[in-house]
1. Take the conditions without any contact (Cβ under 8 Å) to a residue 60 or more places away in the chain, crowded, with 21+ Cβ neighbours inside 10 Å and part of a loop (DSSP other than H, G, I, E, B) and apply them to B:R321. Does it pass?
2. Report yes if B:I129 is over 27 Å from A:R78 (Cβ atoms) and either among the aromatic types (F, W, Y) or modelled with pLDDT of 75 or more (or both), otherwise no.
3. Could you please let me know if A:A143 is within 16 Å of the ligand (Cβ to nearest atom) and either of a type in the set (V, I, T) or touching a Pro at 6+ places or on another chain (Cβ under 8 Å) (or both)?
4. Looking at A:A33, A:A75, A:A62, A:A27 in this structure, which one is touching a strand residue (DSSP E or B) at 6+ places or on another chain (Cβ under 9 Å), of a type outside the set (K, R), at the interface with chain B (Cβ under 8 Å from one of its Cβ atoms) and away from the ligand (no atom under 16 Å from the Cβ)?
5. Taking region A:36-52, which residues are more than 10 Å from the chain's Cα centre (by Cα) and more than 7 Å from every other protein chain (Cβ to nearest Cβ)?
6. With the requirement that a residue be closer than 27 Å to A:C55 by Cβ and more than 16 Å from the ligand (Cβ to nearest atom), what does region A:121-140 give you?
7. Say we look at region B:229-254 and pick out the residues that are away from the ligand (no atom under 16 Å from the Cβ) and surrounded by fewer than 24 Cβ atoms within 10 Å (Cβ to Cβ); which of these is farthest from the other protein chains (Cβ to nearest Cβ)?
8. Assess whether A:A87 counts as being within 23 Å of B:F214 (Cβ to Cβ), among the small types (G, A, S), within 15 Å of the ligand (Cβ to nearest atom) and within 11 Å of chain B (Cβ to nearest Cβ).
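The values are calculated or read from the model by the stated rules, or taken from the named source; none is laboratory data. Computed from a predicted structure; not experimentally measured. Using ideal geometry, Cβ is built from the backbone for each residue, glycine included, and neighbour counts are taken over all protein chains shown.
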Amino acid sequence: MFVLLRQLHSTRKSARVTRPARRLSLAVRHVDAGSCNACEHELGATANLFYDLSCHGITITASPRHADVLLITGAITRRMVTPLLSAYRAMPEPRLVAALGNCAMGLGVLGDDRDLAGPLEQLLPVDIRIPGCPPTPDQIIQALVSSNLAGQAITSA
Amino acid sequence: MGLMTSRPRVTPPNMVPRTPASEAGTASSPRPSTTLVQITASSWREAHAAAIHSGGRFAGLYAVGPDDTTGNNPANRDRTGTTIRSVFAFGDQVKVLSARAVPTQAVEMRRAGTSVAGTSGIGRTLPSIVDILPAAAWDEREAHDLYEVDFPGHVPMRPLISHSDDLGSWTVPVVGAGTHQVAVGPIHAGVIESGHFRFHVVGERVLHLDLRLFYNHRGLERAAVGAPLDTGLAIIQRACGACAVSNTLAFTQACEEVLGLWPDAALSTQRTILVELERLYNHLNDIGAMCAGIGFAPGTMAFAALKERAQRLIGRLAGHRFMFGTVHIAKGAFSPTRGETREARLELLSIKEQSARSWREVLFNTSVQNRVTAVGILDHASAERFGAVGPAARASGIPLDTRSHSPRLDYGELQPPSPVDPTGDVAARMAVRAAELETTLALLDALLARDLHDAAAGAITEGSPIGVGVVESPRGATTCIVESDGTTIQRLHLRTASYANWPAVAHATAGNLLPDFPLVNKSFELCYACSDR
Ligand code: SF4
């Protein structure tokens, strides 16, 4: 265990994550609505020692009831529409919706129309767009942090 | 030095480097591999029994023909009736059994008393083979849901891809004092793909687990029908991010068989590097995920950091952290410079040292080992029965690694590591991955020293109307079938290792405590996206 902790310490030091000068808090709930899982991998990677999402004041919450942001990945499948909308409805207001990745933004979606529900924009009001296939962990953090610092809609919605 | 194999139950991986002869140029000699055998519906079962008897490994069953909304797709229009095909691998040779399903009305309804869900006027029928081949259960359910094929003998026929509101139609009835159900998902607590689990429990003990996946079903296979081969590649590319190389490679190999092409030495080396890089970051991820499953945070963080290092290296080498766009039909798109490969080999060496050190910490941590031993057991007989593949199968004592017979790839005389004490529990699945990491790192080091330039595929045969590609993905054997005239796709079917292994997860969970499910699940670490498609 000691070896591991020492190793983690040196990795974290070498990663040189810059702590933001001003921190707010943002709780994010993620919903996969038909992604290929690469967007999830990159979202998960934001928590590793090289990016350290939590030092920006951003956390991923287990329940939409504690979330400020609903972060959605994937082409929206018909089978995920109901769970997605119930997660949205469970959130306290004000709330933000983020589209993570090209699929969620409705760009270059592949699949059969009979199984896809159409663009996310038609289902929910999208506030934050994070393009990429998949966006890198840096880009994800950047987008969340800037929306957070701008105080976007969280206070005004 | 066998750094990664300090767990005493695993033999050191035995990697025999390629012989100098093969180094010189020609990849392993090309040979045709897929044969299509037309049989009648009445000999369908016998043919399967014979294929199993002669040592064939079942690699998928799929329907060809008008799907549930006949006529929407022009490629389906002139097709009458539905054909079912069943794929068997015999080493590197593939045999596809094919039989025409008979229109339901023409079949004598001898199924008195059993109601077949979803049977409609245009139904088609073929005898079920699930009693002799339980591994085909999901495949038959899929063909039933999407192509309205009835399989008499498959009772009850539960929906798989169709989501019914009637709980009774897709769950196993579990009754008795104190039994109750715990429903989880489709949205999970962490950053996880969508899928629904219904646990039947008594107290904390799981009696049975019903899976309902396919929330991410995007109709990818249907979208590919009538499309050019390159569009098919883009579709398969997005089936699953974490298996992007394996899936596209299986697709590409199938296409090359259709086109009658064979990769040259440089192309097969390039592709082998890509698929091993995919295994590298996935295995690092999966060991970390198992640590997360038991709340061993230092292990989780250490392996997550290693995975990040591997992906950064991959990003530098291949231009994309998941290697999207690196696999193409009949050509290579991965040719790092000498300097880049030299730098990559140094970084891999460092990853190897650090992962070995981290793995030792996990292996010799008593509280970790207590939590992973004798949990989530998939016994040998069940693994065989469910047709399990990959690390999960190997941890249960099935020495199946399709890398040892992949003539289109550059594995030389690879002898994959085999566990000595394949107990089939979480500990065994963890140890198998740790041992395989070492093999993969050794392979990568040897392959990256080669010349990767001027890769191409050359014509060897006239081509064939059906091609089958099999690739050992990080999760096991993945099969892709392409039926095509050489330009457009008539049928595309992807049966990934995750699809093959999901039923085994449900089986291995029964009998364990409910709170152990995340651990059991993570020890298989299957994808939802590539099962759901
Ligand atoms: S945007 Fe790209 S990486 Fe993200 S889910 Fe879609 S296909 Fe996958």
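1. Taking the combined requirement at face value, the residue satisfies it.
2. yes
3. It is true that A:A143 is within 16 Å of the ligand (Cβ to nearest atom) and either of a type in the set (V, I, T) or touching a Pro at 6+ places or on another chain (Cβ under 8 Å) (or both).
4. None of the others qualify; the one that does is A:A62.
5. If the condition is that a residue be more than 10 Å from the chain's Cα centre (by Cα) and more than 7 Å from every other protein chain (Cβ to nearest Cβ), then A:A47, A:Y51, A:D52 are the ones that fit.
6. Listed by number, the list holds a single entry, A:D127.
7. Restricting to residues being away from the ligand (no atom under 16 Å from the Cβ) and surrounded by fewer than 24 Cβ atoms within 10 Å (Cβ to Cβ), the top hit is B:L229.
8. In short, no.
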